[in-house]
1. Of the conditions (1) surrounded by fewer than 15 Cβ atoms within 10 Å (Cβ to Cβ); (2) in contact (Cβ under 8 Å) with a residue 60 or more places away in the chain; (3) not hydroxyl-bearing (Ser, Thr, Tyr), GLU142 fails just one. Which one is it?
2. Sort out which residues of the range 169-184 are of a type outside the set (D, E, K, R) and within 17 Å of GLN37 (Cβ to Cβ), and write them in order of number.
3. Looking only at the range 187-200, filter to residues that are touching a residue at least 12 places away in the same chain (Cβ under 8 Å) and of a type in the set (D, E, K, R); which one of those is surrounded by the fewest Cβ atoms within 10 Å (Cβ to Cβ)?
4. For the range 67-84, how many residues meet the condition of being more than 18 Å from the chain's Cα centre (by Cα) and at positive phi?
5. Hand me the list of helices (runs of 4 or more DSSP H) wholly inside the range 83-134 holding 1 or more residues that are free of Cβ contacts under 8 Å to residues at least 40 places away in the same chain, closer than 24 Å to VAL153 by Cα and hydrophobic (A, V, I, L, M, F, W, C).
6. If you scan the range 108-137, which residues turn out to be in contact with a Gly (Cβ under 9 Å, 6 or more places away or on another chain) and of a type in the set (S, T, N, Q)?
7. Among ARG174, ARG184, which is the only one that is within 20 Å of VAL111 (Cα to Cα) and without any contact (Cβ under 8 Å) to a residue 40 or more places away in the chain?
8. Tell me, which residue of the range 145-166 that is within 19 Å of the chain's Cα centre (by Cα) and of a type in the set (S, T, N, Q) is surrounded by the fewest Cβ atoms within 10 Å (Cβ to Cβ)?
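Nothing in this text is a laboratory measurement; each read-out follows from the coordinates by a stated rule. Every value quoted in this text rests on a predicted model; they were computed, and no experiment measured them. Please note: Cβ atoms are built from the backbone with ideal geometry, for glycine as well, and neighbour counts cover all protein chains shown.
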Amino acid sequence: MQKNSAFARMIFIISAVLALVAGVMSYQLLFAPKEMQLMRTFGEPRAIAPFEGKTHTGETFNQESFIGNWSIVFFGFTTCPDVCPTAMSNINQVMQKLPPEIASSTQVVMVSVDPERDSIERLAKYVPAFNKDFIGINAGLEETRKLTESIGVTFYKIPGHDDPDNYLVEHTARWFIIDPLGRRYALLSPDEVLPGEDLVGIVARDFEILREQSEF
């Protein structure tokens, strides 16, 4: 009789422990903060320094143009052979994958790191080819440097062998996220995605998590 009683108590204790573990795991699945896979937030959001440029439609664009919407910002140039068109295409696919309420409150901005060659007219042909709502910016060399230094972007020319005007521009290829207060909020590096992984799906999910967990 005592053996049966001890066995019953053991079964009860094991069942209680298993129920507790299951409860903790369920709580974590339901209420624990979701983790982003690729996107990283800055420890302290930082306001964008004053700068001024022109959009590909000729309108003024400055640090205040980031206020009121989330922004995905990429730095590139129209004669970039591979990284830039790939990034712009991927960002377009991310925007298509986002829920409408998130996409509609997000602007995509490509800032030219080759303002000498990327005229307003050239940007007007290049940027809308990826998405008619994307914004291309030419801020001139001095103003572009103000913006890139504020966000944390580097760029420099790589001269051509025969023709000095036939140069490439080496530049930071990260995507930056600016929050509705006009602050540098997060970044991601597309080259961190492993072969076979879905970059577009990962970024779209990360951006949704970022928006859900933000104060806006």
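1. So the condition that GLU142 fails would be (2).
2. Within the range 169-184, TRP175, ILE177 meet the criteria.
3. Going through the qualifying residues, I end up with ASP191.
4. Final tally of qualifying residues: 0.
5. 83-97
6. SER112
7. That would be ARG174, the only listed residue that is within 20 Å of VAL111 (Cα to Cα) and without any contact (Cβ under 8 Å) to a residue 40 or more places away in the chain.
8. The qualifying residue surrounded by the fewest Cβ atoms within 10 Å (Cβ to Cβ) is THR154.
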